[in-house]
1. Considering each of Ala125, Ala131 in turn, give the residue that is surrounded by fewer than 24 Cβ atoms within 10 Å (Cβ to Cβ), over 24 Å from Val54 (Cα atoms) and in contact with a helix residue (DSSP H, G or I) (Cβ under 7 Å, 6 or more places away or on another chain).
2. So which residues in region 1-29 are of a type in the set (D, E, K, R) and surrounded by fewer than 23 Cβ atoms within 10 Å (Cβ to Cβ), if there are any at all?
3. How about region 87-100: which of its residues are open to solvent by 40 Å² or more (accessible area, probe 1.4 Å) and part of a loop (DSSP other than H, G, I, E, B)?
4. For region 160-197, enumerate the residues that are of a type outside the set (Asp, Glu), more than 21 Å from Thr40 (Cβ to Cβ) and part of a loop (DSSP other than H, G, I, E, B).
5. Of the conditions (1) surrounded by 14 or more Cβ atoms within 10 Å (Cβ to Cβ); (2) of a type outside the set (Phe, Trp, Tyr); (3) over 24 Å from Ser179 (Cβ atoms), Ala46 fails just one. Which one is it?
6. Consider Tyr238 against the criteria (1) under 19 Å from Gly9 (Cα atoms); (2) touching a Lys or Arg at 6+ places or on another chain (Cβ under 9 Å): it satisfies all of them except one. Which criterion is unmet?
7. Determine which single condition Lys33 fails, assuming it passes every other condition in (1) over 15 Å from the mean Cα position of the chain (by Cα); (2) of a type outside the set (A, V, I, L, M); (3) assigned to a loop (DSSP other than H, G, I, E, B).
Amino acid sequence: MLVLIRGAGDLASGIAMRLHHARLQVVMTDLPKPTAIRRTVCFSQAILFGTATVEDVTAERADAPREALEILKKGNIAVLADPDAACIAELKPDAVVDAILAKRNLGTRITDAPCVIGVGPGFTAGADCHACVETMRGHTLGRVITEGSPIPNTKVPGLIGGFAGERVLRAPADGVFRSIRRIGDMVEQGDVAGYVGDAPMLCQISGVLRGLLADGTPVHKGMKAGDVDPRGERSYCYQVSDKALAIGGGVLEAILRFSEA
């Protein structure tokens, strides 16, 4: 079975890893210049560097749909710089998963494939997809929704180690981000993680930098640019999160329930 995943950020990559381990073939699409925060667990990095390995799974950049099919034959995930997912017309996947996590539908249609799954808010089962998967942390995380929509975006990150919004680092101004730290670095509250122009981006809590924009990324004020994990466990920076795995399990269930295969 061929599954096309729109998006190749950390949650989409967790979904891809789960599907890959379940012996499904996976092609992913993302921006030509991805803006992932948790870059150490994102298959989108293959677009920039040719390959990207997350845990025990490797993805390769494909410059055309036919090349993606050749990568699949090697047993790897293929990633295309194709934010509009124009490759759907040529690949004709058995299932399409929209995991862009834009909090709204950016163009996915229920007619894109025999099985279409929307991940997170912005989708309605039976209207623009066959099923949705809940992304909100809590009792319903990863559940398959067959009627209605996931919980609307609250704009408040889920609790990790007792912290929510404080975990997120946001660009202090418009401009180009300049990092002075690396993913995996231990930081203290008040430390500078990077700059936009002369404006410092300060850590609000102590912990380990689990995510950080790549140096030289254009940003706007308030844009998410980093993530501090208060648990302080470096290994978590290089592992797919519990949230991504839960969502990935929900997507796998939805595909098996709603696919014609």
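The values are calculated or read from the model by the stated rules, or taken from the named source; none is laboratory data. Fair warning: this is a prediction, and the values are worked out from it, not measured in the lab. For neighbour counting, all protein chains shown are included, and Cβ atoms are generated from backbone atoms with ideal geometry for every residue, glycine included. For accessibility, only protein heavy atoms count, side chains too; no ligands or nucleic acids. Shrake-Rupley method; radii C 1.70, N 1.55, O 1.52, S 1.80 Å.
1. Result of the check over Ala125, Ala131: Ala131.
2. Going residue by residue through region 1-29, those that are of a type in the set (D, E, K, R) are 6, 10, 18, 23.
Matches in region 1-29: Arg18, Arg23.
3. From region 87-100, those open to solvent by 40 Å² or more (accessible area, probe 1.4 Å) are 89-90, 92, 94, 100; that's our starting set.
Correct list: Lys92, Asp94, Ile100.
4. Gly162, Ala164, Pro172, Ala173, Gln189, Gly190, Gly197
5. Just one mismatch for Ala46, condition (3).
6. Among (1) under 19 Å from Gly9 (Cα atoms); (2) touching a Lys or Arg at 6+ places or on another chain (Cβ under 9 Å), the lone unmet condition for Tyr238 is (2).
7. Status for Lys33: all satisfied but (1).
Matching residues to (1) open to solvent by less than 50 Å² (accessible area, probe 1.4 Å); (2) in a loop (DSSP other than H, G, I, E, B); (3) not basic (Lys, Arg):
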position	(1), (2), (3)
Ala85	yes, yes, yes
Leu106	no, yes, yes
Thr111	no, yes, yes
Pro121	yes, yes, yes
Arg137	no, yes, no
Ile151	no, yes, yes
